[in-house]
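Trainee: Dropping the structure in here first, questions after.
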Amino acid sequence: MSLAGFALAFVAGLGFLVLAIGKGKIHPFLALLVLSLCLALLAGLPLLDTATDSGPLPGVLSVIREGFAGTLRDIGLVIIFGTLIGAILELSGAALRIAEVVLKLVGPAHPELAALLTGWIVSMAVFCDSAFVLLNPVRKAMVRRSGHSSVAITTCLSSGLFTSHNLIPPAAGPIAAAAALGVSGQLPLLFLLGVLVSLPALGLVYLFSLYQGKKMCVAEDEPQNHAEDASQRIPDCEPESGHERANDVPSAFLSFLPLILPLLLMSLGAFVRLAQAPATMGRSPFILELLSFLSQPEMALAVGLLAAFVLTLSCGRRKELGELTEKGLSTAGPILCITAAGGALGHVIVASGVAERLAQCAQTFSGLGLCFPFLLAALLKTAQGSSTVALVTTAGMVQSLLPALGLDSPQLRCLTVLAIGAGAMTVTHANDSYFWVIARLGGLSTGQAARTVTLASLLEGLAALATVLLLSLVLV
């Protein structure tokens, strides 16, 4: 199938997905698997694994299995540990304590801004998927404590996470793209430019979130969810209400610990990797290996889960630990199924050869300057779902074209990384696991997620590109 034909089939498939889930009430897990199978057949993948002169060619089911299993491998434990931490934070009253502290710092009248800035800071070193799972209890508590729109706060948190995930080192995608384009030695400049590029995107999506929050409602917006009953009052709860005694409510320090420990460990990992880089030819010191091991998302969240268990014990709720674990696992199950099915869809698209066919068209668009890497990253992001894959793949494709594009100076190479990052935000939709994590945890229907998460990512990407183009005029 030609590139244009596959693009047409892909757009039709997205239409089917929205209609099947929204109108037909088919579960997203089944709809995603059906779409994966149909696209694999239309792309001409063999029905069975086939041996060729250039090597084995996986069949339809092998591709779907690999995408499904690969997604579970990469994010499965992150979701499980994160939802377990979330269940404990929510049911112990710790999430409400955290929300109270954050709202006091930013101001109780602006919970959306608090969520936006929290996400923006956190995702500089933490993958946005795991960070959203980890911060979701805080988001829910902000909704309850403030009475503001759940849709607006969800969109702000997810957008803040998504912006720095794609634009600001030490996030993995920008660092990998910088290495591919030969500007690893310019990370301080890239960090500064990434912050500058992200600010207009944050401002635009903040206004968009407030606007959408006035138009949309979800279950969390029902009046009873905003009622601050005795069980949800933290600083002034009566001695015998809610948690049995006021002193059963965890302290601010213990409430933050299950969040802070994983974030610190994962953030530390980025700097450990930089410290290990000069010694890549030899064995790293044991302490660096240990810190690098603990900085892996799964291990960092496991440490956070241990801190959450300590939190439970401090509240005198040891007997409820099994119930809290069961609630967390029941929340994680549907998310795991949907994100794995989304991973299968993304892998089918990759196996179809879309990336290679786009690379063959590169010279045709070489006159577009910084817009070319943006468009290429946006096409790859929209097609296969992963922002990091779009960042790394696009950087590899354009690195030899930079002289022809007039982007060969160190400053313009840094701006090229940011143009690619802007494209890698454009857009997140049904084949991206992050889309489903936000939709399911945020209580959004597929249509609502498309009108908030997807549109917000489009606005962020376009605002970031506009800022990159303006900066190019200054730096040239």
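Trainee: Report whether or not I80 is within 23 Å of E326 (Cα to Cα), modelled with pLDDT under 80 and either hydrophobic (A, V, I, L, M, F, W, C) or open to solvent by 50 Å² or more (accessible area, probe 1.4 Å) (or both).
Mentor: No: the conditions fail for I80.
Trainee: Residues of the range 158-201 being within 23 Å of R139 (Cβ to Cβ), out of contact with any Asp or Glu (no Cβ under 8 Å at 6 or more places or on another chain) and in a helix (DSSP H, G or I), which ones? If you could, list the steps in order and put the result at the bottom.
Mentor: Filtering the range 158-201 down to residues within 23 Å of R139 (Cβ to Cβ) leaves 158-168, 171, 198-199, 201.
From the residues that got through so far, the ones that are out of contact with any Asp or Glu (no Cβ under 8 Å at 6 or more places or on another chain) too are 158, 160-161, 164-168, 171, 198-199.
Hits for the range 158-201 are S158, G160, L161, S164, H165, N166, L167, S198, L199.
Trainee: Another question, if that's okay. Considering the range 136-170 alone, what residues qualify as being within 24 Å of G194 (Cβ to Cβ), among the aliphatic types (A, V, I, L, M) and either open to solvent by 10 Å² or more (accessible area, probe 1.4 Å) or free of Cβ contacts under 8 Å to residues at least 60 places away in the same chain (or both)?
Mentor: Across the range 136-170, the qualifying residues are L157, L161, I168.
Trainee: Check whether at least one residue in the range 421-438 is of a type outside the set (S, T, Y) and free of Cβ contacts under 8 Å to residues at least 24 places away in the same chain, and report yes or no. Reasoning before the result, please.
Mentor: First pass over the range 421-438, keeping only residues of a type outside the set (S, T, Y): 421-425, 427, 429-432, 435-438.
From what is left, the residues that are free of Cβ contacts under 8 Å to residues at least 24 places away in the same chain are none.
No, every residue in the range 421-438 fails to be of a type outside the set (S, T, Y) and free of Cβ contacts under 8 Å to residues at least 24 places away in the same chain.
Trainee: Among the residues of the range 112-128, are any modelled with pLDDT under 85, in contact with a Lys or Arg (Cβ under 8 Å, 6 or more places away or on another chain) and within 30 Å of L204 (Cβ to Cβ)? Show your work before the answer.
Mentor: If we filter the range 112-128 for residues that are modelled with pLDDT under 85, which is where we start, we get 122-127.
Imposing the further condition that a residue be in contact with a Lys or Arg (Cβ under 8 Å, 6 or more places away or on another chain) reduces the set to none.
Among the residues of the range 112-128, not one is modelled with pLDDT under 85, in contact with a Lys or Arg (Cβ under 8 Å, 6 or more places away or on another chain) and within 30 Å of L204 (Cβ to Cβ), which makes the answer no.
Trainee: Here is a further query. For the range 313-342: of the residues being among the β-branched types (V, I, T) and buried (at least 21 other Cβ atoms within 10 Å of the Cβ), which is farthest from I64 (Cα to Cα)? Give the steps one after another, and end with the answer.
Mentor: Going through the range 313-342, the residues among the β-branched types (V, I, T) turn out to be 325, 331, 335, 338-339.
Within this subset, residues satisfying the condition of being buried (at least 21 other Cβ atoms within 10 Å of the Cβ) are 331, 335, 338-339.
Details: T331: 24, I335: 18, I338: 13, T339: 13 Å.
Here the answer is T331.
Trainee: Testing A69 on (1) assigned to a helix (DSSP H, G or I); (2) modelled with pLDDT under 85; (3) farther than 17 Å from S352 by Cβ, one condition comes back false. Which one is that?
Mentor: For A69, the failing item is (2).
Trainee: Among the numbered conditions (1) open to solvent by 20 Å² or more (accessible area, probe 1.4 Å); (2) closer than 30 Å to E323 by Cα, tell me where I85 comes up short.
Mentor: Among (1) open to solvent by 20 Å² or more (accessible area, probe 1.4 Å); (2) closer than 30 Å to E323 by Cα, I85 violates only (1).
Trainee: Shifting gears a bit: How do the helices (runs of 4 or more DSSP H) wholly within the range 372-461 filter down when requiring 3 or more residues that are over 30 Å from I21 (Cβ atoms) and either open to solvent by 10 Å² or more (accessible area, probe 1.4 Å) or modelled with pLDDT under 90 (or both): which remain?
Mentor: Numbers: elements: 387-398, 402-405, 410-423, 433-441, 446-449.
In the range 372-461, 387-398, 402-405, 410-423 are the helices (runs of 4 or more DSSP H) which contain 3 or more residues that are over 30 Å from I21 (Cβ atoms) and either open to solvent by 10 Å² or more (accessible area, probe 1.4 Å) or modelled with pLDDT under 90 (or both).
Trainee: While we're looking at this one, here's another question. Looking at the range 96-120, I want the residues that are without any contact (Cβ under 8 Å) to a residue 12 or more places away in the chain and have a partner that is surrounded by fewer than 20 Cβ atoms within 10 Å (Cβ to Cβ) with Cβ atoms under 6 Å, at least 6 apart or on another chain. Which pairs are those?
Mentor: V106/L113
Trainee: Inspect all residues belonging to the range 48-60 and state whether any of them is over 27 Å from R451 (Cβ atoms), assigned to a loop (DSSP other than H, G, I, E, B), touching a residue at least 12 places away in the same chain (Cβ under 8 Å) and open to solvent by less than 70 Å² (accessible area, probe 1.4 Å).
Mentor: yes
The values are calculated or read from the model by the stated rules, or taken from the named source; none is laboratory data. This is a predicted model, so every value here is computed, not measured. Virtual Cβ from ideal backbone geometry, glycine too; neighbours counted across all protein chains shown. Areas reflect the complete protein model, heavy atoms only, side chains present, ligands, DNA and RNA absent. Shrake-Rupley method; radii C 1.70, N 1.55, O 1.52, S 1.80 Å.
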